[in-house]
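Encoded as structure tokens, the structure appears first; notes follow it.
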Amino acid sequence: MPIAQSLLAEFEVQAPITRRFLERLPEDKLTWKPHERSMSAGQLAFHLASLPGGIMRAIQINPAQAPGFTFPQPKNSDEILHAFDESIAAVEKLMPGFDDEAMKETWKLVADGKEVLTQPRGEFVRDVMFSHWYQHRGQFSVYLRLLDIPVPASWGPSADEPPAFVQKTKA
């Protein structure tokens, strides 16, 4: 299976799981923070929503300019879900355009004219679009737990629900 196809297959499994996390955040909790130095729940949700599409747009350019790390505060839940829908669309449109040669190509990230990261494009997607995304989804699950909001199952069960494959057998 081509690298991009494999990554897209994983994304298509994980995107609905991430959506369930995002949909759980009540609008009145968007500005809540677990600590003064933490992102707000809305900022973290917006980051989760926009990360995959942002990565896919970034890897179109080589070398790419490092982004500024600003985390906008969404005004409402619809803004988060709209960003997520746009992100999904970007991944579904752009990922298939990379053949294995492009995924193995050395990709570079620069900041202030200096190279700050160099790795094969496919590894960058794995590290940042997936591993980074999963890490923040785990962080978001802690936010939900601290807010006493039921945490969705992801790969396995959460304390609040069984994994999706078990839910399907009970339906």
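The values are calculated or read from the model by the stated rules, or taken from the named source; none is laboratory data. What you are looking at is a predicted structure, and each value in this text was computed from that prediction instead of being measured. Glycine gets a Cβ as well: all are built from the backbone with ideal geometry, and neighbour counts include every protein chain shown. Please note that ligands, DNA and RNA were not included when accessible areas were found on the heavy atoms of the full protein model with its side chains. Shrake-Rupley method; radii C 1.70, N 1.55, O 1.52, S 1.80 Å.
One table, with the values for the structure above:
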{"quantity": "Conditions (1) open to solvent by 30 Å² or more (accessible area, probe 1.4 Å); (2) within 30 Å of K104 (Cα to Cα); (3) of a type outside the set (V, I, T); (4) in contact with a Pro (Cβ under 7 Å, 6 or more places away or on another chain): number failed by G68", "calculated": "(4)"}
{"quantity": "Residue identified as buried (at least 17 other Cβ atoms within 10 Å of the Cβ) and at pLDDT 95 or above among S6, S38, S50", "calculated": "S50"}
{"quantity": "Residue satisfying all of: in the stretch 89-108; aliphatic (A, V, I, L, M) and open to solvent by 30 Å² or more (accessible area, probe 1.4 Å); nearest to the chain's Cα centre (by Cα) among these", "calculated": "A89"}
{"quantity": "Total residues in the stretch 132-168, condition assigned to a helix (DSSP H, G or I), more than 26 Å from W32 (Cα to Cα) and within 20 Å of the chain's Cα centre (by Cα)", "calculated": "1"}
{"quantity": "Where a residue in the stretch 123-140 is closer than 16 Å to R57 by Cα and at pLDDT 95 or above and its partner, wherever it lies, is of a type in the set (A, V, I, L, M, F, W, C) and assigned to a helix (DSSP H, G or I), with Cβ under 6 Å and at least six apart", "calculated": "V125/L7; W133/L51"}
{"quantity": "Residue that is most open to solvent (accessible area, probe 1.4 Å), among those in the stretch 113-131 that are in contact with a Ser or Thr (Cβ under 9 Å, 6 or more places away or on another chain) and assigned to a strand (DSSP E or B)", "calculated": "T118"}
